[in-house]
Amino acid sequence: MPNLLHVDSSFAPEGSVSRSVAAAYVEAWREHNPEGSVTHRDLAATPPPHLSWTLVSSGYTDPEQLTPEQAEAVRVREEYLGEVEKADEYVVSVPMYNYSYPSTIKAWLDQIIVMGRTTPGEAGGGVLAGKKVTVVTAQGGSYAPGTPKEGWDHQVPYLRHAFEALGADNIEFITVVMTLAPVNPALAEFKDLFAASLDSAEQAARRRATSG
């Protein structure tokens, strides 16, 4: 029975573009995999702890000598790792905040990037190797070549590198641009671009969810 790990990170409980496109993916995936299960991790509702010396030092400590704080940090990390290791497929939604990604996404990745366990070894591999990874990103503007802020996208490049560090070799980014056009008068002329981008993203998400 396949398991899909669905991770959301937008702090907006309603009206989030990244969440809505990921939801379209999940809906299509459920229809395509009626016997499958979905694990939903909402990083905004339950933010993961940031990487700490307490957690890192536990890796150099005899398990029987862990302090209560270290033991708790390990327990929390194992919860995140368990979800990732159990899953057969992944959809992760990430809005852009200030030209980058939410700190909760960085904290989550710091919990699951464990050298020698989830990263590729000498023989290759990695926890995401051979599995389908779909990343839905939403951007208030556009950072495409030729735009005024070309090169300001510090969201997608980092995420690609981070997931590849986990062995991802079947990864697709689905990006919606100009999400602020409907609410920012200065971007009003791009409303049609946003609508077209959103429609295209939703269709891409459904196709990806039902692909092999």
(Q) Looking at segment 121-135, I want the residues that are under 20 Å from V156 (Cβ atoms) and have a partner that is part of a loop (DSSP other than H, G, I, E, B) and aliphatic (A, V, I, L, M) with Cβ atoms under 7 Å, at least 6 apart or on another chain. Which pairs are those? (A) G126/L166; L128/L166; L128/A168; V133/A168
Q) In segment 5-31, which residue that is among the acidic types (D, E) and either in contact with a Leu (Cβ under 7 Å, 6 or more places away or on another chain) or at pLDDT 95 or above (or both) is nearest to I112 (Cα to Cα)? A) D8
Q: Answer yes or no: is there a residue in segment 36-54 that is farther than 18 Å from V92 by Cα, in contact (Cβ under 8 Å) with a residue 12 or more places away in the chain and either of a type in the set (D, E, K, R) or in contact with a Pro (Cβ under 8 Å, 6 or more places away or on another chain) (or both).
A: no
Q) Only one of these conditions is not met by E27: (1) part of a loop (DSSP other than H, G, I, E, B); (2) more than 24 Å from E85 (Cβ to Cβ); (3) open to solvent by 10 Å² or more (accessible area, probe 1.4 Å); (4) not hydrophobic (A, V, I, L, M, F, W, C). Which number is it? A) (1)
Q.
Quick check on my filter: what residues within segment 79-114 are of a type in the set (S, T, Y), open to solvent by 20 Å² or more (accessible area, probe 1.4 Å) and on the phi < 0 side of the Ramachandran plot?
A. Y97, S100, Y101, S103, T104
Q.
Take K132 and tell me if it is basic (K, R), farther than 27 Å from G15 by Cα, touching a strand residue (DSSP E or B) at 6+ places or on another chain (Cβ under 6 Å) and modelled with pLDDT of 95 or more.
A. no
Q. Can you find a residue in segment 30-49 that is in contact with an Asp or Glu (Cβ under 9 Å, 6 or more places away or on another chain), acidic (D, E), under 18 Å from A162 (Cβ atoms) and open to solvent by less than 40 Å² (accessible area, probe 1.4 Å)?
A. no
Q. Filter segment 115-126 for residues that are part of a loop (DSSP other than H, G, I, E, B) and not hydrophobic (A, V, I, L, M, F, W, C); which is surrounded by the fewest Cβ atoms within 10 Å (Cβ to Cβ)?
A. E122
Q. In segment 144-158, what residues are open to solvent by 30 Å² or more (accessible area, probe 1.4 Å) and among the β-branched types (V, I, T)?
A. T147
**Q.** Selection status of P185, at pLDDT below 95 and farther than 17 Å from E83 by Cα
**A.** no
(Q) Take the conditions open to solvent by 30 Å² or more (accessible area, probe 1.4 Å) and either in contact with a helix residue (DSSP H, G or I) (Cβ under 8 Å, 6 or more places away or on another chain) or within 20 Å of L43 (Cα to Cα) (or both) and apply them to S200. Does it pass? (A) no
Q: Please state which of the following conditions H161 fails to meet, knowing it meets all the rest: (1) within 22 Å of V91 (Cα to Cα); (2) open to solvent by less than 80 Å² (accessible area, probe 1.4 Å); (3) assigned to a helix (DSSP H, G or I); (4) free of Cβ contacts under 8 Å to residues at least 60 places away in the same chain.
A: (2)
Q. Of the residues A129, A168, A144, which is farther than 21 Å from S16 by Cα, among the hydrophobic types (A, V, I, L, M, F, W, C) and either within 14 Å of the chain's Cα centre (by Cα) or in a strand (DSSP E or B) (or both)?
A. A168
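The values are calculated or read from the model by the stated rules, or taken from the named source; none is laboratory data. As the structure is a prediction and not an experimental result, all values here were calculated from the model. Note that we place each Cβ from the backbone using ideal geometry, even for glycine, and neighbour counts take in every protein chain shown. The area values use the complete protein model at the heavy-atom level, side chains included, leaving out ligands, DNA and RNA. Shrake-Rupley method; radii C 1.70, N 1.55, O 1.52, S 1.80 Å.
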